[in-house]
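Working notes, beginning with the structure itself.
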Amino acid sequence: MGSMGYKKVLLSKAFIYSLVVVQALLITVLFIIDNISQTLSINIPIKKEMTNIVAVVDCSSSMEKSDSEWQVPEALNLLIDMCPDDQDIRFSLVVYGTESYIAVRDMPLTQKGKEIIRSDIYDYIYGVGYKRGNTDTGAALMQAYDLLKGREKQNNRVLLFTDGMIQAQYNGRTTEISRGEVEDFIAFAQENRVVVDVFGLFNHVSKEEAATA
């Protein structure tokens with residue numbers, strides 16, 4: 001069995017919020033860059049692995065408080081800036097609330113690709129805002145699964161940004177279905193060595209609310 005890495009950043013103090021999110025993502029970026037540079041440093045002919053980064057961003061209504069400083073899109077822009085320009089690093093963005101959308105699909109991190117990604121981050125997160133209703137995390141992770149399916153032998157990483165409580169009540173969706181899909185994705189990640197970094201975002205909430213989420 002493979003392993004799935006979790007980084008949980010539980011934030012309840014506004015004055016440390018932005019620093020912790022950026023520092024946590026910086027650590028993730030350094031791991032990604034280190035993995036790529038190790039591959040490139042080997043002095044024998046090798047087949048370079050594709051790296052797939054999928055950012056899954058909770059844009060539900062509660063995130064207006066949880067990310068009132070817009071640290072998630074800022075952190076994603078930092079990630080894009082710090083990754084090397086490389087055709088073999090692909091970035092995807094899933095945004096979700098009551099429904100989920102693939103905002104960016106398999107965009108290579110070339111200079112042109114990075115420009116498109118920054119524009120899409122602006123349009124789909126800043127532009128719409130945290131106004132997408134409920135928190136159907138299962139549906140969003142199933143879209144991440146669809147993006148990674150068939151790429152199990154590649155270098156895969158999922159970054160999940162959420163403030164927690166799963167809630168699905170739309171078009172036949174239920175909270176129980178969403179939770180089941182989260183479990184299904186966890187099993188897929190464990191079996192296929194997909195590294196998942198979870199950033200729990202809690203700003204201007206009590207410790208009790210953060211613990212519940």
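A few comments on the model shown:
- Relative contact order %, segment 103-213, counting alpha carbon pairs below 8 Å whose residues are six or more apart: 29
- Heavy-atom surface analysis with a 1.4 Å probe gives segment 77-213 a carbon and sulfur content of 47 percent of its accessible area.
- Rolling a 1.4 angstrom probe over the protein heavy atoms with all chains in place gives segment 45-195 an accessible area of 45 Å² per residue.
- For segment 50-107, GluC sites (Glu not before Pro) are listed when DSSP marks them as loop and at most 15 other Cβ atoms sit within 10 Å of their Cβ; the list is Glu69.
- Highest mean packing first, where packing is the average number of other Cβ atoms within 10 Å per residue, the peptides 110-117, 183-190, 91-98 line up as 91-98, 183-190, 110-117.
The values are calculated or read from the model by the stated rules, or taken from the named source; none is laboratory data. No experiment lies behind these values; they were computed from the predicted model shown. No Cβ is skipped: glycine too gets one built from the backbone with ideal geometry, and neighbour counts run over all protein chains shown. Surface areas here come from the heavy atoms of the whole protein model, side chains and all, with no ligands, DNA or RNA. Shrake-Rupley method; radii C 1.70, N 1.55, O 1.52, S 1.80 Å.
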